[in-house]
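Engineer: Shown below is the structure under consideration.
Every number in this text was worked out from the coordinates using simple rules, so none of it is lab data. Given the structure is predicted, the values throughout are model-derived calculations rather than measurements. Please note: Cβ atoms are built from the backbone with ideal geometry, for glycine as well, and neighbour counts cover all protein chains shown.
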Amino acid sequence: LLRRTVPYGEEALHVVKAVPVTITGTVTATIEPGVDQEDLKTLIADALNDFIDWRTWPAGRHVHAGDMWRVINAVENVRYVNAVVLAGSDRDVTTLQPWQFPVGGFRPGDINLIDPSVPDPNPMSLA
């Protein structure tokens, strides 16, 4: 990333080192009944990590949880997304500085799947 400054009335060019920012969080999605959950968790994590690719990410664009819903919904056997919560102080957006670029860091363990054919072990919970 380049930044132009004007020290002492003359133009100068400063090169600022790009810094990766790992994007992680948790995902909860409802899936089609009877699907292999471990395989589906891997597919969702891979889809998110492919989406958050520094090579194609627009420079200066923040990472919004809402953008990930479309990616997750496009994975086969996902009925719908219940929640996407990003790690960090703001659970809905990871703010990137101009010299930062996102790197997907989702793992299958970050994905929680709900199979509607399996009875809820805690039916009174609101989670």
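Engineer: Find out how many positive minus negative residues lie around Pro108, taking Lys and Arg as positive, Asp and Glu as negative, among other residues whose Cβ is under 13 Å from that of Pro108.
Structural biologist: -3
Engineer: With r as the distance between the Cβ atoms of Arg55 and Ala83 and R0 = 30 Å, compute the FRET efficiency 1/(1 + (r/R0)^6) and round to 0.05.
Structural biologist: The calculated FRET efficiency here is 0.60.
Engineer: Can you tell me the FRET efficiency between Asp115 and Arg70 if r is taken as the Cβ-Cβ distance and R0 is 25 Å, rounded to the nearest 0.05?
Structural biologist: About 0.65, to the nearest 0.05.
Engineer: Assuming 0.36 nm per residue, please report the length gained on full extension of the stretch His62 to Val103 beyond their Cα-Cα distance.
Structural biologist: Once the chain is fully extended between His62 and Val103, it gains 13.6 nm.
Engineer: Applying the Karplus parametrisation 6.51 cos²θ - 1.76 cosθ + 1.60 with θ = phi - 60° to the phi angles of segment 89-98, what ³J(HN,Hα) value in whole Hz is obtained for each residue in order, glycine and proline being reported as x?
Structural biologist: Once θ is set to phi - 60°, the couplings for segment 89-98 become 6, 10, 6, 9, 8, 9, 7, 10, 6, x Hz.
Engineer: Hey, another quick one. Quick one: net charge of Thr94's neighbours, Cβ under 15 Å, K/R +1, D/E -1?
Structural biologist: -3
Engineer: Separate question: What does the extension gain come out to for Val15 and Asp36, with contour length at 0.36 nm per residue minus their alpha carbon separation?
Structural biologist: 2.8 nm
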